1. Identify, please: which residue in region 190-210 is of a type in the set (A, V, I, L, M, F, W, C), in contact (Cβ under 8 Å) with a residue 40 or more places away in the chain and out of contact with any Leu (no Cβ under 8 Å at 6 or more places or on another chain) and is, among those, farthest from Asp307 (Cα to Cα)?
2. Do you know which residues across region 159-187 are buried (at least 24 other Cβ atoms within 10 Å of the Cβ) and not in a helix (DSSP H, G or I)?
3. What number goes with the only condition from (1) within 24 Å of Glu90 (Cβ to Cβ); (2) more than 10 Å from the ligand (Cβ to nearest atom); (3) crowded, with 17+ Cβ neighbours inside 10 Å; (4) modelled with pLDDT of 95 or more that Leu45 does not pass?
4. Here is a list of conditions, (1) touching a Pro at 6+ places or on another chain (Cβ under 9 Å); (2) assigned to a loop (DSSP other than H, G, I, E, B), and Tyr386 meets all of them except one; can you say which number that is?
5. Among the residues of region 112-128, what is the count of those that are within 10 Å of the ligand (Cβ to nearest atom) and either over 17 Å from Ile151 (Cβ atoms) or among the aromatic types (Phe, Trp, Tyr) (or both)?
6. Kindly list the number of the only condition in (1) out of contact with any helix residue (DSSP H, G or I) (no Cβ under 8 Å at 6 or more places or on another chain); (2) at pLDDT 95 or above; (3) of a type outside the set (Val, Ile, Thr) that fails for Lys182.
7. What number of residues in region 1-27 are away from the ligand (no atom under 12 Å from the Cβ) and touching a helix residue (DSSP H, G or I) at 6+ places or on another chain (Cβ under 6 Å)?
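The values are calculated or read from the model by the stated rules, or taken from the named source; none is laboratory data. A quick note: this is a predicted structure, and the numbers were derived from the prediction, not measured. Counting neighbours? That spans all protein chains shown, and the Cβs are built from the backbone with ideal geometry, glycine included.
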Amino acid sequence: MLIKTMYDYYVEADFQPTFANSKGDFNLKDYAAHRHDFFTSKLKLPNQLFKFSELLEFGPDTGENALVFAGMEANVTLCEPNPNCLPHIESYFDRYQLNSYLQNIYTNDVASFSIDKLYDFIVAEGFIYTVQPTESWIAKFASLLKDDGFIIISYYDDCGSFVELFHKLLLHYATISSSKNKNLAEELFREKWNSINHTRSFDSWSKDVLLNPFVRYKYFLHLPLLLKSFHKQGLQTYSSWPNYQDSTRIYWHKAPVTREQELSYQIEHIKRSSLSYVLGKKAYMFGDMAEVTKVNEFLANIFSFADSKLDQNSNLVFSDMRKIIGELLDVLRSSSSISNIDNIITFYETLEIILQHMEENNFDELINICNSNPIFLNTWGMANQYVVLKKGVAHG
Ligand SMILES: C[S@@+](CC[C@H](N)C(=O)[O-])C[C@H]1O[C@@H](n2cnc3c(N)ncnc32)[C@H](O)[C@@H]1O
């Protein structure tokens with residue numbers, strides 16, 4: 001089968017990435033409580049907003065999120081191109097007696113979906129970054145949205161996803177270099193996986209990230225460009241996680257701020273936050289913009305070198321990556337305007353050491369670092385970011 005889309009991959013790999021009921025232990029009450037809290041406290045979308053709304057969700061997988069929307073009394077329309085998901089969705093809605101909120105299930109993908117109807121909410125979590133060109137889905141979502149309606153999306157961006165990309169690189173290297181061909185992912189990452197709280201299995205993460213051909217740099221969204229594309233379609237950032245608004249910016253609430261100014265404040269804030277996204281911890285660059293630009297150029301080079309090695313099946317060399325990391329470290333070590341700087345330096349020094357072990361084929365030492373180095377174990381980055389967009393009204 002030719003794999004052209006992320007759902008082709010899920011069909012081929014025969015799995016539903018977010019299915020939480022494989023052992024029959026999905027607890028809707030707990031899951032809904034978590035989602036309500038996330039929507040209210042982080043995305044500023046209280047439950048009441050969903051009540052009696054018309055909501056269109058693309059890519060619901062087996063429908064756990066759709067159940068929560070229906071539980072908040074949204075009228076839910078689903079659009080899921082993977083046919084293996086449909087029986088799970090239907091059985092979930094039966095089990096929780098929420099069928100009266102389920103309007104329709106379409107089997108189109110985003111590109112082929114078309115309907116003569118407008119919605120209060122359009123939701124696409126976990127895959128939209130793989131639909132390209134980016135402008136095509138943004139224009140489609142904007143055209144399906146009522147005035148004052150909301151779009152909720154989550155995606156992999158280039159900075160926040162670097163650590164996951166690096167995990168893929170480690171596994172790729174290990175697969176090429178080790179004589180063992182079984183359980184390499186477990187050997188490398190089991191300890192790291194076990195060190196965090198999560199609801200998904202190691203196997204599901206492994207298929208959905210480590211082996212997923214769509215978790216690649218060419219698909220990851222570049223936030224400044226993304227926000228500009230939203231702006232062109234009349235969509236304003238309403239809320240996001242992490243927060244794209246610089247909440248330390250103080251001004252009188254009646255002071256006029258145009259949408260263009262708001263956009264440029266957000267883009268500057270995002271550029272200053274790139275290291276925070278890479279590490280998944282506060283690492284804000286509060287100094288000169290020239291330094292920020294320099295750091296971001298180094299980061300982009302590191303991402304692209306790391307990704308390019310995933311296409312090579314022998315003789316991996318890491319000297320290019322190590323050189324750029326060395327240059328980045330020189331800037332970081334001489335900077336006095338980046339918060340949490342010691343942590344960031346240790347992170348990049350750890351990457352340098354790991355790359356050196358890979359270059360020298362010290363496989364045992366590599367496994368040892370992956371299972372014991374605290375900075376490696378505790379750093380996951382900030383993949384899967386959320387933004388809520390609003391059509392029409394600006395939000396400062
Ligand atoms: C990673 S899962 C996320 C499931 C759910 N939205 C969540 O966040 O828990 C991605 C889902 O999007 C679907 N999908 C992938 N590409 C799609 C596309 N081009 N159009 C619509 N759905 C797509 C997949 O079949 C899968 O169900």
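1. Per the criteria, the residue is Ile196.
2. Cys159, Gly160, Ser161, listed by residue number.
3. Looking at each condition in turn, Leu45 falls short on (1).
4. Failed condition: (2).
5. 3
6. Exception for Lys182: condition (2).
7. Step one: filter region 1-27 for residues away from the ligand (no atom under 12 Å from the Cβ), giving 1-2, 14, 21-27.
Those left that are additionally touching a helix residue (DSSP H, G or I) at 6+ places or on another chain (Cβ under 6 Å): 1.
Qualifying residue count for the region: 1.
Rundown of residues vs (1) modelled with pLDDT of 95 or more; (2) touching a strand residue (DSSP E or B) at 6+ places or on another chain (Cβ under 6 Å); (3) surrounded by fewer than 17 Cβ atoms within 10 Å (Cβ to Cβ); (4) under 22 Å from Glu164 (Cα atoms), yes/no style:
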| residue | (1), (2), (3), (4) |
| --- | --- |
| Ile302 | yes, no, no, yes |
| Leu351 | yes, no, no, yes |
| Asn368 | yes, no, yes, yes |
| Ile375 | yes, no, yes, yes |
| Met382 | yes, no, no, yes |
| Ala394 | no, yes, yes, no |
